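The structure appears below as structure tokens.
The values are calculated or read from the model by the stated rules, or taken from the named source; none is laboratory data. Owing to the predicted nature of the structure, the values given are computational and were not obtained by experimental measurement. We place every Cβ from the backbone using ideal geometry, glycine too, and count neighbours over all the protein chains shown.
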There are 2 protein chains.
Amino acid sequence: MAKRKKKLEDIQQQVLEAAMKLYTEHGIEKTSIRNIAELIGYSPASVYFYFKNKAEIMFTLHLKGFKELKRRFDVLRSVKNPLERLKAMGRAYLQFSVEYPALYDLMFSSTYPMQHLEDADEAMWRQGEATFDALRQTVTDCVAAGHFAGHHTEALSFLIWSAVHGMVVLHQSGRSEKAQVEAYQDIVEMSYSEFERMLDRL
Amino acid sequence: MAKRKKKLEDIQQQVLEAAMKLYTEHGIEKTSIRNIAELIGYSPASVYFYFKNKAEIMFTLHLKGFKELKRRFDVLRSVKNPLERLKAMGRAYLQFSVEYPALYDLMFSSTYPMQHLEDADEAMWRQGEATFDALRQTVTDCVAAGHFAGHHTEALSFLIWSAVHGMVVLHQSGRSEKAQVEAYQDIVEMSYSEFERMLDRL
DNA sequence: TAAACTTTTTGAACAGTGTTTAGTTTTTAG
DNA sequence: CTAAAAACTAAACACTGTTCAAAAAGTTTA
């Protein structure tokens, strides 16, 4: 009976891996239940024995992204200077988006995982909340250390998230290149440096 | 022969209006060629007589958004103080995103219009470029007036775009609420105020 | 072992999508 | 009035997510 469960989880894992492979290599349009099924040697209907629907598959996938991002943020807790930690978090966030663009899209843009939250009647997005908490806490630490005087912590935290997220999505949607934002190698890198300098002056 | 052209453009217009109506009222998933066709009393195949494909319809639609956004930016040219103009542009941008969320998505997030650019072998996204130009010019004016000393104009411009765009998409994707970013009425408004204060200190 | 029961798997279908093609109808020009 | 051009459509193709009844496989009980 333990083996049963093992096998079930095993195939769930296979589904997730196939979905991830299709998603990263060929995008959302090729990540179909039929393609997933074919990749693991099952019929399309079988996929629905292991997952409620496609939204749940994508939701489960996006959780893996948050696990990795959290891991990276956790490493940065060793950075004692809160302002330096905040800047390092931003860089880690950008780095993550470059290494896992598909996963990033699932975590912060795609409607699929959010759709699952509504299917499951979950009012909250725990992973997003936890990640924002990490940011908010670091901003709070900065304030305690005398930075950002007169600024509203919550609003400033959201602004910081927005700025970095905005760079990522403009870049990933192809808009920054198509709008000729760069005669420069990496506009995102340069803009983030500008952002760090802004934070220094607050 | 002028009447011919008139009628052709007339039906193109009808297609666009139907598409816009479906998109704003029921989202992308209900904005199908079949639904558009039904709304204007034509067969689905007829739509392809007036537009190459769905990407072209969405592209044409997103142009209307840029026309309106440009109109709003043009009004702000009367604001002589460049820093004030920059801040007003940001507010106008946010205001636009609130009034036309569907159009905003088409302009800055959806892959459909960008897909058309690739279909049409257009290396450039003229509307995005023109809009970014307006922002870049205003930042340049700010620099000329002694602001943002030591900052890189291009990178700073991209950062400003990113910050405001990031607020909009986090808000519109439902992520900000689901991540409990607000026990506050309007986190976007508050964050933008923080942003203005940041600009003042540069 | 045989029957009963449960878990797992699937073929087939439903309702939908974007798009193409061949053929028909309508309109215009000579 | 006829020939050419323009406008329009039915039907199909190849997909999509999803459901359901039935079949197959595995497990437990008598």
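Out of B:Thr138, B:Thr111, B:Thr131, one residue alone is touching a helix residue (DSSP H, G or I) at 6+ places or on another chain (Cβ under 8 Å) and facing chain A (nearest Cβ under 10 Å). It is B:Thr131. Contact map, region B:46-73: first residue touching a residue at least 40 places away in the same chain (Cβ under 8 Å) and farther than 19 Å from B:Glu122 by Cβ, second residue within 16 Å of DNA strand C (Cβ to nearest atom) and not hydrophobic (A, V, I, L, M, F, W, C), Cβ cut-off under 7 Å, separation 6 or more or different chains; pairs are B:Tyr50/B:Gln12. Within region B:121-153, the residues that satisfy the criterion of being farther than 17 Å from B:Asp74 by Cα and in contact with an Asp or Glu (Cβ under 8 Å, 6 or more places away or on another chain) are B:His151, B:His152.
Condition check for A:Asp200 on (1) crowded, with 20+ Cβ neighbours inside 10 Å; (2) more than 7 Å from chain B (Cβ to nearest Cβ); (3) not aliphatic (A, V, I, L, M): one failure, at (1).
Counted as qualifying within region A:2-83 are the helices (runs of 4 or more DSSP H) with 3 or more residues that are at pLDDT 95 or above, in contact with a Pro (Cβ under 9 Å, 6 or more places away or on another chain) and buried (at least 19 other Cβ atoms within 10 Å of the Cβ), namely A:54-75. Looking only at residues in region B:140-151 that are at negative phi and surrounded by 19 or more Cβ atoms within 10 Å (Cβ to Cβ), the one that is nearest to the chain's Cα centre (by Cα) is B:Cys142. Might you check whether a residue that is in a helix (DSSP H, G or I), within 16 Å of DNA strand C (Cβ to nearest atom) and exposed (fewer than 15 other Cβ atoms within 10 Å of the Cβ) occurs anywhere in region B:85-104? There is no residue in region B:85-104 that is in a helix (DSSP H, G or I), within 16 Å of DNA strand C (Cβ to nearest atom) and exposed (fewer than 15 other Cβ atoms within 10 Å of the Cβ). The set of residues from region A:105-131 being in contact with a Leu (Cβ under 9 Å, 6 or more places away or on another chain) and buried (at least 18 other Cβ atoms within 10 Å of the Cβ) comprises A:Leu106, A:Met107, A:Phe108, A:Tyr112, A:Pro113, A:Trp125, A:Gln127, A:Thr131. Among the residues of region B:146-159 satisfying the criterion of being within 7 Å of chain A (Cβ to nearest Cβ) and of a type outside the set (D, E, K, R), which is nearest to A:Ser157 (Cα to Cα)? The extreme case among them is B:Leu159. Could you say whether any residue in region A:65-80 is in contact with a Lys or Arg (Cβ under 9 Å, 6 or more places away or on another chain), over 15 Å from A:Gly128 (Cβ atoms) and within 16 Å of DNA strand C (Cβ to nearest atom)? No, region A:65-80 has no match at all.
For the condition within 14 Å of chain A (Cβ to nearest Cβ), within 12 Å of the chain's Cα centre (by Cα) and within 12 Å of DNA strand C (Cβ to nearest atom), B:Phe59 qualifies.
Suppose we filter region A:109-131 for residues that are hydrophobic (A, V, I, L, M, F, W, C) and within 20 Å of A:Gln172 (Cβ to Cβ); how many remain? Here the count works out to 1.
Residues in region A:98-121 that are without any contact (Cβ under 8 Å) to a residue 12 or more places away in the chain and farther than 10 Å from A:Glu56 by Cα: A:Val98, A:Glu99, A:Thr111, A:Glu118, A:Asp121. What number of residues within region A:114-128 satisfy the criterion of being within 9 Å of another protein chain (Cβ to nearest Cβ) and among the small types (Gly, Ala, Ser)? Within region A:114-128, residues that are within 9 Å of another protein chain (Cβ to nearest Cβ) and among the small types (Gly, Ala, Ser) number 2.
The set of residues in region B:28-64 that are within 15 Å of DNA strand D (Cβ to nearest atom) and within 24 Å of A:Ser110 (Cβ to Cβ) comprises B:Ile28, B:Glu29, B:Lys30, B:Ser32, B:Ile33, B:Asn35, B:Asn53, B:Lys54.
Can you tell me which residue is surrounded by the most Cβ atoms within 10 Å (Cβ to Cβ) among those in region B:160-196 that are charged (D, E, K, R) and within 7 Å of chain A (Cβ to nearest Cβ)? Looking at residues that are charged (D, E, K, R) and within 7 Å of chain A (Cβ to nearest Cβ), I get B:Glu194.
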